[in-house]
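J.: Pasting a structure below so you can have a look.
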Number of protein chains: 2
Amino acid sequence: MNIGIIGDGQLGWMTIFENRKLNYKFFVLGNNPEAPASRISDRFFRYEDYKQFFETVDTVVVEFEHIPDFIFELLERYPNFNALKLKRSRIEEKTFLKSKGYPVVNFCYSYGYQLKEKIKDFALPVIIKAEKLGYDGKGQYFIEDLSQIQNILDNHSLEEGFIIEEFINFKHEVSVIGVRDFDGNKRLYPISFNYHEDGILLYNYAPFVDNKSVSQIVYSLLDDLEIVGVLAVEFFIKQDDTPIINEFAPRPHNTGHYTMDGSYTSQFENLIRAVSRLPLGSTESKLPTGMVNILGKSLEDFNVNEILKIEGTQFYWYGKEKKSRRKMGHVNIVDTDVSNLRRKIQSVLECVYSKNFSKV
Amino acid sequence: MNIGIIGDGQLGWMTIFENRKLNYKFFVLGNNPEAPASRISDRFFRYEDYKQFFETVDTVVVEFEHIPDFIFELLERYPNFNALKLKRSRIEEKTFLKSKGYPVVNFCYSYGYQLKEKIKDFALPVIIKAEKLGYDGKGQYFIEDLSQIQNILDNHSLEEGFIIEEFINFKHEVSVIGVRDFDGNKRLYPISFNYHEDGILLYNYAPFVDNKSVSQIVYSLLDDLEIVGVLAVEFFIKQDDTPIINEFAPRPHNTGHYTMDGSYTSQFENLIRAVSRLPLGSTESKLPTGMVNILGKSLEDFNVNEILKIEGTQFYWYGKEKKSRRKMGHVNIVDTDVSNLRRKIQSVLECVYSKNFSKV
């Protein structure tokens with residue numbers, strides 16, 4: 001079977017090597033022939049050669065949602081078109097969730113020129129997000145004082161769309177990866193605890209405390225979005241343990257990288273099983289597992305051997321050019337015991353970032 | 001780092017995709033550009049281009065021991081030369097083991113023309129094996145009656161070397177994969193129970209009942225053979241639980257395929273960690289795990305979906321041309337409980353071979 005992957009980054013890279021066992025071929029459509037997925041693909045196509053790419057592949061998966069318009073139109077016959085379409089605008093995503101009765105924060109839509117007026121309906125602080133897709137905290141502003149709005153207007157046009165969101169003083173962030181096949185069979189990975197720093201995931205681990213509302217939401221969302229493949233849903237858990245959906249992603253997700261070492265079947269394999277009509281694999285955890293992201297570091301900036309000497313660690317290095325806060329690699333950590341696991345996550349963080357992480 | 005792999009089969013194939021996470025490059029020296037390892041390598045070299053291969057790679061691992069002479073000479077500067085040298089002749093392998101005090105069966109060397117004479121020193125039955133490397137039962141004869149010797153002489157020359165071996169009525173077969181690094185650090189995977197049919201492994205699982213003598217032998221052999229990488233040692237366990245070494249292989253081994261899903265670190269990853277001077281990974285099992293070999297079948301001969309519907313199965317398909325009894329793929333099975341695991345091994349065998357395997 002010929003699997004097409006839109007995007008040439010680490011998600012495609014892991015999708016390829018996690019599924020080599022199935023003896024499929026993997027074709028990558030992207031910008032850079034030296035990018036992680038391109039390098040290990042059976043063939044790399046540049047975006048301008050997209051017609052040839054679509055003639056070659058039997059099905060298509062995506063590694064992100066920022067898909068150029070001329071390609072997006074061609075995705076209608078492949079899985080997850082509707083979910084991808086919703087993800088093209090934050091306001092459409094949130095409006096859809098609200099209309100279906102899912103718990104989301106209070107929000108409203110505003111053009112840039114309306115921001116100063118519309119913000120008056122909210123108690124401060126609020127979060128203001130540019131409508132068109134950003135990720136890893138890009139295009140997001142935390143507003144505690146009305147004077148900060150000028151900063152947004154300096155960076156964006158007055159005609160640009162924004163979402164103003166109520167700020168939730170949440171207890172913690174969690175996520176769940178769900179998987180669904182063409183017949184509507186569904187499975188959920190366990191809930192993971194996620195720790196973000198400045199909008200980027202720093203570490204996570206699973207299984208975290210079960211939360212029935214969270215699981216019910218993801219089961220239901222898999223159907224409402226007609227997912228075939230994987231869906232990641234990020235939640236804020238409020239002080240009273242009720243969940244609020246932060247956002248979803250109809251693709252493999254950074255908070256599911258732990259599944260490669262922790263689960264019977266990784267998120268990358270279940271994605272490919274689903275789109276190639278193989279039975280879904282077990283989403284249970286073999287053992288508690290965590291992940292630490294390596295952000296903005298080159299191999300010279302820390303000691304890999306020190307990390308690998310910690311029992312149960314696995315090192316993933318994407319081979320990308322170093323940029324500030326860029327995801328360069330990650331470490332998975334498996335342990336029989338969650339307390340030990342958290343101590344090891346702390347040790348790995350300290351190896352990578354050379355500072356104290358005593359609160360893990 | 002540029003890793004060279006001699007051999008283009010499934011062992012090289014798994015070595016490559018199990019280590020993509022490390023972002024090394026993998027170069028394959030072999031016969032067939034369409035073979036499993038060739039297809040997913042960063043570059044394939046034919047044997048006649050061996051000079052270019054050796055100029056490209058930083059280190060070399062092998063996926064078998066039948067290495068052509070003109071290449072074998074060049075391996076002296078790479079790990080495991082001594083062990084590979086011993087493996088070029090069954091008699092040297094056995095003589096080495098005996099001289100070091102390891103338990104081996106009674107055996108003697110014989111040219112073809114001496115067979116009828118030398119066999120008189122043994123009680124029947126005996127095993128007669130051609131000296132030069134065979135594998136999976138090739139070049140091996142089970143002799144219950146002296147008249148069968150004529151059959152051997154019809155297939156071989158009178159000048160060819162053979163080993164005559166005492167036949168052991170063993171209780172079962174087990175193996176252990178050991179791993180050793182450049183500093184002499186050693187780790188052992190748990191003992192696996194192996195079931196062969198006509199000289200080819202049909203299924204195995206681990207951890208099997210611990211046996212201290214077995215572990216001590218493998219620890220000691222890792223040093224005596226100066227292994228850097230992995231060593232597989234196959235044993236016969238006698239009725240009184242004492243072990244006899246059947247043979248060793250200084251490379252990843254079919255009885256260690258379960259480590260890809262069962263262990264913290266697979267045999268393929270620990271091989272590459274060792275030769276690239278990374279710390280060895282944990283060889284412990286996350287959960288009990290078994291493997292079923294798919295021999296001499298094409299994808300049309302059985303129902304993959306039926307196998308994948310059994311919880312905890314993973315399907316590996318090598319993409320080779322079907323031949324009688326050829327290793328075409330394997331299934332790994334993980335379960336929390338060994339009894340359940342054995343039942344699932346039985347179910348997988350029944351899916352693949354459409355016959356009853358009630359004795360697993």
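J.: Among the residues of segment B:208-220, is there at least one that is part of a strand (DSSP E or B), under 30 Å from B:G4 (Cβ atoms) and either of a type in the set (F, W, Y) or assigned by TED's automatic domain parsing to the domain that holds B:V338 (or both)?
T.: No: segment B:208-220 contains no residue that is part of a strand (DSSP E or B), under 30 Å from B:G4 (Cβ atoms) and either of a type in the set (F, W, Y) or assigned by TED's automatic domain parsing to the domain that holds B:V338 (or both).
J.: For segment B:330-342, enumerate the residues that are within 11 Å of chain A (Cβ to nearest Cβ) and surrounded by 15 or more Cβ atoms within 10 Å (Cβ to Cβ). Before the answer, list the steps.
T.: Filtering segment B:330-342 for residues within 11 Å of chain A (Cβ to nearest Cβ) gives B:330-336.
Matches in segment B:330-342: B:H330, B:V331, B:N332, B:I333, B:V334, B:D335.
J.: Return yes when A:Y50 is out of contact with any Asp or Glu (no Cβ under 7 Å at 6 or more places or on another chain), over 17 Å from A:G229 (Cα atoms) and either surrounded by 21 or more Cβ atoms within 10 Å (Cβ to Cβ) or in contact (Cβ under 8 Å) with a residue 24 or more places away in the chain (or both) and no when it is not.
T.: yes
J.: Here is a follow-up. One residue is enough: does segment B:143-153 have a residue meeting the conditions in contact with a helix residue (DSSP H, G or I) (Cβ under 7 Å, 6 or more places away or on another chain), β-branched (V, I, T) and in a loop (DSSP other than H, G, I, E, B)?
T.: No, because not a single residue in segment B:143-153 is in contact with a helix residue (DSSP H, G or I) (Cβ under 7 Å, 6 or more places away or on another chain), β-branched (V, I, T) and in a loop (DSSP other than H, G, I, E, B).
J.: Any idea how many residues of segment B:212-261 are touching a Ser or Thr at 6+ places or on another chain (Cβ under 8 Å) and within 14 Å of chain A (Cβ to nearest Cβ)?
T.: Matching residues across segment B:212-261 total 4.
J.: Against the conditions (1) under 28 Å from A:F142 (Cβ atoms); (2) among the small types (G, A, S); (3) touching an Asp or Glu at 6+ places or on another chain (Cβ under 8 Å), where does A:G256 fall short? Just the number, please.
T.: (3)
J.: Restricted to segment A:280-329, and to residues that are facing chain B (nearest Cβ under 8 Å), assigned to a loop (DSSP other than H, G, I, E, B) and not small (G, A, S), which residue is nearest to the chain's Cα centre (by Cα)?
T.: A:Y318
J.: Here are some residues: A:K87, A:K98. Which one is buried (at least 17 other Cβ atoms within 10 Å of the Cβ), under 22 Å from A:I127 (Cα atoms) and of a type in the set (K, R)?
T.: Selected residue: A:K87, the only one of A:K87, A:K98 that is buried (at least 17 other Cβ atoms within 10 Å of the Cβ), under 22 Å from A:I127 (Cα atoms) and of a type in the set (K, R).
J.: Any idea how many residues of segment A:262-279 are within 9 Å of chain B (Cβ to nearest Cβ), outside any loop (DSSP other than H, G, I, E, B) and either modelled with pLDDT under 95 or crowded, with 24+ Cβ neighbours inside 10 Å (or both)?
T.: Residues flagged as within 9 Å of chain B (Cβ to nearest Cβ), outside any loop (DSSP other than H, G, I, E, B) and either modelled with pLDDT under 95 or crowded, with 24+ Cβ neighbours inside 10 Å (or both) within segment A:262-279 amount to 2.
J.: Against the condition closer than 30 Å to A:M260 by Cβ and more than 14 Å from chain A (Cβ to nearest Cβ), how does B:D58 come out, does it pass?
T.: So B:D58 passes the test.
J.: Return the residues of segment A:13-39 that are buried (at least 24 other Cβ atoms within 10 Å of the Cβ) and within 12 Å of chain B (Cβ to nearest Cβ); say none if nothing qualifies.
T.: A:W13, A:M14, A:T15, A:I16, A:F26, A:P36, A:A37
J.: Output the residue which, of all residues in segment A:189-231 that are among the aromatic types (F, W, Y) and touching a residue at least 24 places away in the same chain (Cβ under 8 Å), is surrounded by the fewest Cβ atoms within 10 Å (Cβ to Cβ).
T.: For segment A:189-231, the residue satisfying everything is A:Y219.
J.: Further question: Is there a residue in segment B:112-123 that is surrounded by 16 or more Cβ atoms within 10 Å (Cβ to Cβ), within 24 Å of B:S215 (Cα to Cα) and either within 19 Å of the chain's Cα centre (by Cα) or of a type in the set (G, A, S) (or both)?
T.: No.
J.: Sort out which residues of segment B:40-55 are more than 14 Å from chain A (Cβ to nearest Cβ) and basic (K, R), and write them in order of number.
T.: Scanning segment B:40-55 gives B:R46, B:K51.
J.: Any residue in segment B:81-101 that is within 14 Å of chain A (Cβ to nearest Cβ) and either free of Cβ contacts under 8 Å to residues at least 40 places away in the same chain or closer than 25 Å to B:T259 by Cβ (or both)?
T.: no
J.: With (1) of a type outside the set (V, I, T); (2) modelled with pLDDT of 95 or more; (3) closer than 26 Å to A:W317 by Cα; (4) touching a Leu at 6+ places or on another chain (Cβ under 6 Å) as the list, and A:H66 as the residue in question, which single condition is left unmet?
T.: Every condition holds for A:H66 apart from (2).
J.: Something else about it: From the residues in segment B:232-259 that are part of a helix (DSSP H, G or I) and in contact with a strand residue (DSSP E or B) (Cβ under 6 Å, 6 or more places away or on another chain), which one is surrounded by the fewest Cβ atoms within 10 Å (Cβ to Cβ)?
T.: Ranking the qualifying residues of segment B:232-259, first place goes to B:N254.
The values are calculated or read from the model by the stated rules, or taken from the named source; none is laboratory data. Keep in mind the model is a prediction, meaning the values are calculated, not measured. Virtual Cβ from ideal backbone geometry, glycine too; neighbours counted across all protein chains shown.
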